[in-house]
Amino acid sequence: MIDASLIDPGERLIWSGNPYPTRYSIRKGGYPFLFGIFFFGFSLFWIHGAYTAESKAANQLGFPFWMFGIPFVIVGAGMVLSPAWYFFRAVKTTYALTDRRAITDVSGPFPRRASVPLTQMPFVDVRASAQGPGTVLFREALASYNKSMLQTDGFIAIPDAARVGQMIRSAIEAAGGSRIGRS
């Protein structure tokens, strides 16, 4: 379940779990997907229009003008496929809560480990769902697509989010940091 090398000597594991891949992919890739549909469609429409206009023109340019749209098609396709990317990332993601910190460990082709000390969590925001998995947010990070925009992050699409949120609050209080902003 959790890699033993993630836990420091003397640190105690309180909880560990994995996100539900489908819910995780919807939460992380939903907005890029919706925007990507329009972006991808418009870029295909633009390439078609440029190709048609160029083929009707009597004077041919040295470089086919429609090819300038290819990077936009690639970006749009990436946005449309982002839920699939996040689904496969979720399969390789493990969350852990210790008596000192919260850990997100993503293995696979682009591994990433993030650790947030309990005393540095500015808030604990629990978004539980009666239909299934919920989310516990406890940190702000720069958005990958816009470095000037903060987005909240934490344990996404986990079972029994309300219980995990309470575990985090209790661990923060036990660690001596009782200044939690949101509930």
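The values are calculated or read from the model by the stated rules, or taken from the named source; none is laboratory data. All values derive from a computational prediction rather than experimental measurement. Every residue, glycine as well, gets a Cβ built from its backbone with ideal geometry; the counts of neighbours run over all protein chains shown.
Within segment 100-109, the set of residues being surrounded by fewer than 14 Cβ atoms within 10 Å (Cβ to Cβ) and touching a residue at least 12 places away in the same chain (Cβ under 8 Å) comprises 108 only.
Of all the listed residues (47, 37, 74), the sole one being within 23 Å of residue 156 (Cβ to Cβ) and assigned to a helix (DSSP H, G or I) is 37. Within segment 17-34, the set of residues being assigned to a helix (DSSP H, G or I) and within 16 Å of residue 154 (Cα to Cα) comprises 21, 23, 24, 25, 26, 27, 28, 29. A single member of 168, 70 is of a type outside the set (S, T, N, Q), within 30 Å of residue 41 (Cα to Cα) and over 20 Å from the mean Cα position of the chain (by Cα), and it is 70. So for segment 86-101 (the condition being in a helix (DSSP H, G or I), touching a Leu at 6+ places or on another chain (Cβ under 8 Å) and either outside the structural domain of residue 14 (by TED's automatic domain parsing) or within 30 Å of residue 164 (Cβ to Cβ) (or both)), does at least one residue qualify? No: zero hits. Of all the numbered requirements in (1) exposed (fewer than 14 other Cβ atoms within 10 Å of the Cβ); (2) within 30 Å of residue 134 (Cα to Cα); (3) charged (D, E, K, R), residue 28 misses one, and that requirement is (1). Flag set for residue 14, criterion: among the β-branched types (Val, Ile, Thr) and either in a loop (DSSP other than H, G, I, E, B) or assigned by TED's automatic domain parsing to the domain that holds residue 129 (or both).
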